[in-house]
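Q: Structure in C-alpha cells, see below.
Every number here is computed from the coordinates shown, using simple stated rules; none is lab data. Note that the coordinates shown come from a computational prediction; the quantities given were computed from them, not determined experimentally. Glycine also receives a Cβ, built like all others from the backbone with ideal geometry; neighbour counts cover every protein chain displayed.
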Amino acid sequence: MNSLPTSKMILWAVLAVPAAVTVHRYATVPDIWPGDLLLPTGEWSARLIIFALMLTPLGQLFPTSRAVNWLIRHRRAFGVAAFGYAVLHLIFYVLDMESVAAMLAEIGAPGIWTGWLALLCLVPLALTSNDAAMRRLRGGWKRVQRLAYPAAILTLLHWVLVHDGMATALVHFAPLLLLQALRLARLFNRNFTQRKTI
Amino acid sequence: MIIRLLPIAAALSLAVAASPAAATGKIRCDAPQKQWKSMARLQADLTKQGWQVRKAKLDGGCYEVYGTDPQGNRVEAYFHPVSFKKLLVSRRGEVLFRAK
C-alpha cells in the first residue's frame, strides 16, 4: 500500500475540522435540533466550492506563487470536501424534516429546489474526482468538472433564497465573482489587442 | 487594483461571518415589553390550533416560532407579543402569509 504524502493528510485533517466540530455539537449540546446545523454545514460546503473555483484565476494572476501552485495541486481535496459538507448538510436536513413526505411537500420552494439541484451537480463531480476516472474520461473529464460552475451559481441562489438577507452569501461569493470578472476582462483584453495587431 | 481589493473582501467576509445573528430586520413589533404575554402561552395556544412548535425566540420585538403549521408545512412564523396576531409565515424563505 502506498502511503499518502504528509501534506495531503494534513490538508484532509484540516478540512475535516469543521465537520468534527459540527458532529460533536450535535452529539453533546442539549436541545440542539438538526436544523440548527444546516447553516454551518451549508456554509462550509459553499466556502469550499468558492475556494476551489478561485484557484484557476488565482493561478493565472500569480503563476509563480508557490502557495497558489500548491493549492492548485491539492484542488481535488477542496472539491471533494465541498461535496462532503453538502452531504452532511443533506443529512441534517433529512433528520430535521423527519419524513420524505415533508421533504417532497416543500420541494417546489425556490430556496429548496435550488439546493437539491446544486447537490445533484456535485454528484458527478465527486464521482469523477479520482485518477481512474480522469484516465477513463480523458478530454470529457474537464467537461464534467465544469459542472462546478452551475453548482456554485445554484448554491448562491439557494443561500440567498433560503436565508434571511443576502449579505452573508454575497460577501462569501464576492472574491470569486471579482476573480472571474478579472479573468473575463483579461481574456477580452487579450482578444482585443490580438485583433489590433493582426 | 483588484489584487489590492482581495484582502478587503476577505476581511469583510470575516466581519460579516463573525457578527452575531441579531434581529433579521424582516419584521418589527414595537409593543412595550411590560405588555408582552409569555412565549410559553403563545406556544400553548399554537399547539391547541394544531401547530407543532420546535423552537421559539425573539426577533425584532416579535415572537418567532419554528415548527410545523396545521397544514403540515415546515415554517418560520412571526407573532405579535401582545395580541399573538400572526404576522408573517414563510417556508424556506418563501412567504406563505403576510398580515395586511
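Q: What pairs can you find where one residue is in region B:48-66 and without any contact (Cβ under 8 Å) to a residue 60 or more places away in the chain and in a loop (DSSP other than H, G, I, E, B), the other is surrounded by 17 or more Cβ atoms within 10 Å (Cβ to Cβ) and hydrophobic (A, V, I, L, M, F, W, C), and their Cβ atoms are less than 6 Å apart, with a gap of 6+ or different chains?
A: Partner pairs satisfying both residue conditions: B:Gly60/B:Ile27; B:Gly61/B:Cys29.
Q: Continuing with the same structure: Which of the residues belonging to region B:66-75 are surrounded by 20 or more Cβ atoms within 10 Å (Cβ to Cβ) and closer than 13 Å to B:Leu46 by Cβ?
A: B:Asp69, B:Val75
Q: Residues of region B:22-44 being under 19 Å from B:Arg98 (Cα atoms), of a type in the set (D, E, K, R) and surrounded by 11 or more Cβ atoms within 10 Å (Cβ to Cβ), which ones?
A: Scanning region B:22-44 gives B:Lys26, B:Arg28.
Q: Filter region B:45-65 for residues that are farther than 16 Å from B:Leu87 by Cα and either within 12 Å of chain A (Cβ to nearest Cβ) or surrounded by 14 or more Cβ atoms within 10 Å (Cβ to Cβ) (or both) and give the result.
A: Across region B:45-65, the qualifying residues are B:Gln52, B:Val53, B:Arg54, B:Lys55.
Q: I've got another one for you. Report, by residue number, each residue of region A:21-51 that is more than 24 Å from A:Leu117 (Cβ to Cβ) and within 18 Å of the chain's Cα centre (by Cα).
A: Of everything in region A:21-51, nothing turns out to be more than 24 Å from A:Leu117 (Cβ to Cβ) and within 18 Å of the chain's Cα centre (by Cα).
Q: Collect the residues in region A:52-62 that are of a type in the set (A, V, I, L, M, F, W, C) and within 11 Å of chain B (Cβ to nearest Cβ), keeping them in residue-number order.
A: Listed by number, the residues that qualify are A:Met54, A:Leu58, A:Leu61, A:Phe62.
Q: Related question: Would you point out the residue of region A:80-106, among those that are touching a Ser or Thr at 6+ places or on another chain (Cβ under 7 Å) and among the small types (Gly, Ala, Ser), that is surrounded by the most Cβ atoms within 10 Å (Cβ to Cβ)?
A: A:Ala82
Q: Next up: Got at least one residue in region A:43-64 being among the hydroxyl-bearing types (Ser, Thr, Tyr) and either assigned to a loop (DSSP other than H, G, I, E, B) or free of Cβ contacts under 8 Å to residues at least 12 places away in the same chain (or both)?
A: yes
Q: Please count how many residues of region A:108-164 are more than 14 Å from chain B (Cβ to nearest Cβ) and aromatic (Phe, Trp, Tyr).
A: Qualifying residue count for the region: 2.
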